[in-house]
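Since every read-out is calculated from the coordinates, none of them should be taken as a lab result. Everything numeric here is computed off the predicted structure, so don't read it as measured data. Neighbour counts are summed over all protein chains in view; Cβ atoms, including those assigned to glycine, are modelled from backbone coordinates with ideal geometry.
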C-alpha cells in the first residue's frame, strides 16, 4: 500500500469535531509561517516538512493534543510561552480546556524554521 501524498490533509479530514477544527487551525498557522512547507510523514505522524526536514506535527491524543516540533531543543527554547501545559523535550501537550496559544505555536514553528535554516 502506498503512502498518501497528502497524509496531513487526510488525517485532518478524518478527525472528528472539535479536533478537526483545532488541527485545521494549527495547519493554517504553520502554512502561513512556512508557505513552502510540504506534507510528509515524520516519526509515523502526518506532519509538515520544511526545506527537506521535519517541521511540525500536531496529533490527537487520548487526553487532547500534542504538538511536536521534530526537534529536541525547540520546546525548551519556547516553553515559557506554554506555561501551565505539560511539556517534554520533544512535545507540548494541550487540550480544549487548556489550549496552546497561537503565540506559543507560532514561536515553536519559527524556532524550528530558524533551526533548520541554521539561524538558531
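How large is the Kirkwood hydrodynamic radius of segment 79-120, in angstrom, based on all distinct alpha carbon pairs?
Its Kirkwood hydrodynamic radius stands at 11.0 Å.
Which residues does a label at residue 15 reach in segment 56-97, if reach means a backbone N under 15 Å from a point 7 Å past the Cα toward the Cβ? Residues 56-69, 92-97 qualify, since their backbone N sits under 15 Å from the label point. When the helices of the chain are scored as -39500 (n - 2.57) per DSSP H run of n ≥ 4 and the total is divided over every residue, the value at 222 nm lands at -11000 deg cm²/dmol. When each of the peptides 94-100, 16-22 is scored by the mean number of other C-beta atoms lying within 10 Å of its residues, the order from highest to lowest reads 94-100, 16-22.
Within segment 61-85, name every residue whose backbone N is under 19 Å away from a label modeled 7 Å from Cα of residue 114 along the Cβ vector. Output list for this probe position: 68-83. Between residue 4 and residue 53, the modelled label-to-label distance comes to 2.7 nm, taking each label 7 Å out from Cα in the direction of the beta carbon. Across all C-alpha atoms in segment 7-115, the radius of gyration and Dmax reach 12.5, 34 Å.
A crude spin-label estimate for the pair residue 24 and residue 61, with each label 7 Å from Cα along the Cβ direction, gives 2.5 nm. Over the chain, Cα pairs under 8 Å with separation of 6+ residues give a relative contact order of 19 percent.
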